[in-house]
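Here is the structure we will look at.
The values are calculated or read from the model by the stated rules, or taken from the named source; none is laboratory data. These numbers were taken from a predicted model, which means no experiment stands behind them. Note that we place each Cβ from the backbone using ideal geometry, even for glycine, and neighbour counts take in every protein chain shown.
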């Protein structure tokens with residue numbers, strides 16, 4: 001299985017950071033499942049490996065599962081296997097935390113503190129930032 005994941009990664013034209021993420025996923029699967037033979041991987045073993053990682057966010061687990069799925073899809077297209085043990089396994093769901101903007105009172109306290117501790121340009125910048133709603137990168141770009 002590990003060799004197949006590495007073969008799939010080698011077949012991709014990807015950035016170094018993406019390659020590093022894929023290799024990390026390969027390492028996770030090797031650690032969770034051992035170096036199981038390509039045809040010997042069981043659906044239940046993949047489910048257990050996912051369940052054994054409550055410390056990982058759903059998005060991370062879905063990314064790991066995607067790497068394994070693509071490696072097995074390639075093996076199937078190459079005729080190395082006849083069934084794909086990952087079929088039917090949905091990636092865990094996840095939701096991003098919604099933003100928690102400052103309320104009016106918090107904004108005023110921050111601006112007042114900036115006025116007393118950092119009068120001048122820093123205070124002006126913070127006040128401008130709050131009232132325009134610029135993103136950090138946009139503010140820095142100015």
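A few remarks follow.
- Filtered by the rule that a residue be under 18 Å from the mean Cα position of the chain (by Cα), assigned by TED's automatic domain parsing to the domain that holds residue 23 and free of Cβ contacts under 8 Å to residues at least 24 places away in the same chain, region 64-96 gives a lone residue, 69.
- Where residue 60 falls short, out of the listed (1) without any contact (Cβ under 8 Å) to a residue 24 or more places away in the chain; (2) part of a helix (DSSP H, G or I); (3) exposed (fewer than 14 other Cβ atoms within 10 Å of the Cβ): (3)
- Against the conditions (1) in contact with a helix residue (DSSP H, G or I) (Cβ under 9 Å, 6 or more places away or on another chain); (2) modelled with pLDDT under 90, residue 81 satisfies every one except (2).
- Single residue of region 47-58 satisfying the filter (under 16 Å from the mean Cα position of the chain (by Cα) and under 16 Å from residue 26 (Cα atoms)) that is modelled with the highest pLDDT: 50
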